[in-house]
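Q: Got a structure for you, questions after.
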C-alpha cells in the first residue's frame, strides 16, 4: 500500500508494484457470437446511416458501443456478447465520465519503418521498471491530490504484449474522472512525475472527445488482450472490471479547468449559412465541392486527387469537413489531422459576424429508432454519381459480365461499387474457379495479386479461397512466407499494402485485385512509409494486365486514384441494389 504523500521509490514499493505485472491469466468466458445490427459509421457520414444517427442518447445510455473489425459499430448490453471477437474495441465518449485508464505502448527494439520512435533497449529500461514507476505515480498522485488512498493491487492490469512490444492498460475501476480533459490532466501529471524517458511510453494523445480501447479477450495481430494474474487473484474476474466506461462513482473535476476548451463547440444546423460558409472554401480550393450537409457539418468531396490543405497528405477518402461557429466564422478541418498534423488547429474562413446575421435556430423532430432505421432503409442516402453501367442485382453472381475477362490479353481496369453482402468476393472466387476449365494448365492463367488492407482481412480472404487451393491453385499468404513473392511461383498471392514491395514481377501476366479499395488507399497514404507504399502500388498498377477495384462506397476519389495509374479507360459497374439491414453475405 502506498501511504506516503511524497513520491518515493522505496525497494519494497517497487517490488510490490513489479510483482503485479508478473504473468497473465485467462478468464472463463465463452466467445460470443450474438447477432447484432452493425453500422459502418459511428457518427455523421455522407455514405450511410450512422449508429449515433440511428439511436437517441437515452436509448443507449445503459448500453455499450463497440467497434468490431470488418463489421462496424454496434450496441451491446454486456461485453460477453462480443468476447473473443478479433479486433473489438470499446468506444468511449470522452465528454462523459469514465475510469482512470493509462495506455502504455513501448517497443522493445527500434521500429525499422520509423527509427525515431522511442524504444526500451535504447534507454536500457526494463518493462517491469517502466510499468512499476507508472503505477506507483498513479497511486501517489491520487492520494496527494484527491486524498484517496489506493493500494497498488486495486488497479486492474491488462496486457497484449509480445516479445517485440510492451502493451499494457492500467485501469482504476472504483471511480470515474468527470471527462477526458480532467483525465488527460491527471495523466500529464503522471508523466511529469516519472519524467523522461519513461513518460515517452505513455500515450497522452489517447484522450479525446471520442476514442476507443481494445476489449478484454480480443486478438489483434496474434496478440490477445488478457488480465494480469494479480488482478484475477485480487477478485477482478468479471469483464465489467476491465471496462473503461461503466457506471460508478465520479470524482469532481480536479486536474483541468472548469471552462471548456476554446475548440469545444455546438454545431449550428443552418444549411443556408453552412452553404454560404462552404463557398469560401470551394472558392479557394477549386478542386473541392460540397458533399453532404448533416447535423451542422458539411463534408467536402474532392474532384481531383490533391494534397489536403491541412495535412499535406493525399487522402484516399474525402476527409475534409466544415462547420460554423456562433460568431459566423466557417471552420475547415480534416478527420485525419490528429494523425498527421496534431498541432494544426483549423483553417478559418470569413470574418466574425459575416454569417452570424443569417444563422437561424433549427428545430429537430424526434423519431424513434425503429422509425429512423426504417426510413434509412426505405430511403438510403444516395452515393456520389459515378459514370458507368448501372445494375440492380441482389448478388453479383447474377451479373458475372460485370467482372473483366481475366484471360484476355488486352489491358483492362474495372471499378465495382456494390453494397455489402452482395457477394462481390464470392462471385470473383467462382469466376476464377470457372476459368480453370478453359485452360490446359493453371500456370498458363494470370497470377492474382489479391491486395487487402490489414492482416485480419488477409486471413479472411485466405479462408474464402480454400476451395481454390483444394482444386490445385497455389495460394500464398504473405504472412506465411519470408522474402520475395514471385508471380511465377504462385497462382494467387494475398498481400497487404505495406508488403507490395515484395512482389517479384516476371513475364507471367497478373491481375491486381483491390479488395476494399477505400481502405487500401487510406493505408497506402497514411502509413509511416507512405512514399514506399505509393511507389510499390505504382509498380503493381502500371504492370498489371487487369486491375479490379471493389468497394461498397466507391467514390470519385477512387476513380481519380485509378486514373492516375491506369488512364481514362475505366469500366465502372454501379450496383444500386440495397440489401435490408441484417442481411448476411460475403
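The values are calculated or read from the model by the stated rules, or taken from the named source; none is laboratory data. These numbers come from a predicted model, not from an experiment. Cβ atoms come from the backbone with ideal geometry, glycine included; neighbour counts cover every protein chain shown.
Q: Quick one: count up the residues across the stretch 70-89 that are under 20 Å from the mean Cα position of the chain (by Cα), outside any helix (DSSP H, G or I) and modelled with pLDDT of 85 or more.
A: Going through the stretch 70-89 one residue at a time, the tally reaches 12.
Q: Right, something else. Counting only residues that are in contact with a helix residue (DSSP H, G or I) (Cβ under 8 Å, 6 or more places away or on another chain) and surrounded by fewer than 22 Cβ atoms within 10 Å (Cβ to Cβ), which one in the stretch 415-426 is nearest to residue 568 (Cα to Cα)?
A: Restricting to residues being in contact with a helix residue (DSSP H, G or I) (Cβ under 8 Å, 6 or more places away or on another chain) and surrounded by fewer than 22 Cβ atoms within 10 Å (Cβ to Cβ), the top hit is 425.
Q: What about residue 286, is it assigned to a loop (DSSP other than H, G, I, E, B), within 30 Å of residue 305 (Cα to Cα), touching a helix residue (DSSP H, G or I) at 6+ places or on another chain (Cβ under 7 Å) and at pLDDT 85 or above?
A: Spelling it out, it is not the case that residue 286 is assigned to a loop (DSSP other than H, G, I, E, B), within 30 Å of residue 305 (Cα to Cα), touching a helix residue (DSSP H, G or I) at 6+ places or on another chain (Cβ under 7 Å) and at pLDDT 85 or above.
Q: Quick one: which residue in 486, 499, 527 is modelled with pLDDT under 90 and under 24 Å from residue 425 (Cα atoms)?
A: 499
Q: Out of all the residues in the stretch 105-128, which are assigned to a helix (DSSP H, G or I) and touching a helix residue (DSSP H, G or I) at 6+ places or on another chain (Cβ under 8 Å)?
A: 120, 127, 128
One line per residue, one yes/no per condition, for (1) crowded, with 18+ Cβ neighbours inside 10 Å; (2) out of contact with any strand residue (DSSP E or B) (no Cβ under 6 Å at 6 or more places or on another chain); (3) free of Cβ contacts under 8 Å to residues at least 24 places away in the same chain; (4) under 21 Å from residue 403 (Cα atoms):
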| residue | (1), (2), (3), (4) |
| --- | --- |
| 477 | yes, no, yes, no |
| 483 | no, yes, yes, no |
| 513 | yes, no, no, yes |
| 522 | yes, yes, no, no |
| 543 | no, yes, no, yes |
| 548 | yes, no, no, yes |
| 565 | no, yes, no, yes |
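Residues are listed down the side, and each one gets a yes or a no for (1) in contact with a strand residue (DSSP E or B) (Cβ under 6 Å, 6 or more places away or on another chain); (2) outside the structural domain of residue 297 (by TED's automatic domain parsing); (3) modelled with pLDDT of 75 or more; (4) part of a loop (DSSP other than H, G, I, E, B):
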{"position": "3", "(1), (2), (3), (4)": "no, yes, no, yes"}
{"position": "8", "(1), (2), (3), (4)": "no, yes, no, yes"}
{"position": "13", "(1), (2), (3), (4)": "no, yes, yes, no"}
{"position": "44", "(1), (2), (3), (4)": "yes, yes, no, yes"}
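Q: Report, by residue number, each residue of the stretch 265-277 that is more than 12 Å from residue 326 (Cβ to Cβ) and either at pLDDT below 55 or assigned to a loop (DSSP other than H, G, I, E, B) (or both).
A: Passing the criteria: only 269.
Q: If a residue counts only when it is more than 20 Å from the chain's Cα centre (by Cα) and under 24 Å from residue 230 (Cβ atoms), which strands (runs of 3 or more DSSP E) contained entirely in the stretch 136-219 have at least 1 such residues?
A: Output list reads 156-159, 165-177.
Q: Let me ask something else. Against the definition (assigned by TED's automatic domain parsing to the domain that holds residue 10 and in a loop (DSSP other than H, G, I, E, B)), how does residue 102 come out, yes or no?
A: No: the conditions fail for residue 102.
Q: Residue 51 is checked against (1) buried (at least 20 other Cβ atoms within 10 Å of the Cβ); (2) under 26 Å from the mean Cα position of the chain (by Cα); (3) at pLDDT below 80 and fails just one. What number does that condition carry?
A: (3)
Q: So which of 153, 162 ends up being within 27 Å of residue 238 (Cβ to Cβ), at pLDDT below 95 and buried (at least 17 other Cβ atoms within 10 Å of the Cβ)?
A: 153
Q: Where residues in the stretch 557-573 are within 26 Å of the chain's Cα centre (by Cα) and closer than 28 Å to residue 395 by Cβ, which of them is modelled with the highest pLDDT?
A: 562
Q: Across the stretch 382-414, what is the number of residues that are in contact with a strand residue (DSSP E or B) (Cβ under 8 Å, 6 or more places away or on another chain), surrounded by fewer than 18 Cβ atoms within 10 Å (Cβ to Cβ) and in a loop (DSSP other than H, G, I, E, B)?
A: The qualifying residues number 8.
Q: While we're here: Any idea how many residues of the stretch 460-513 are assigned to a loop (DSSP other than H, G, I, E, B) and farther than 22 Å from residue 221 by Cβ?
A: Selection size over the stretch 460-513: 15.
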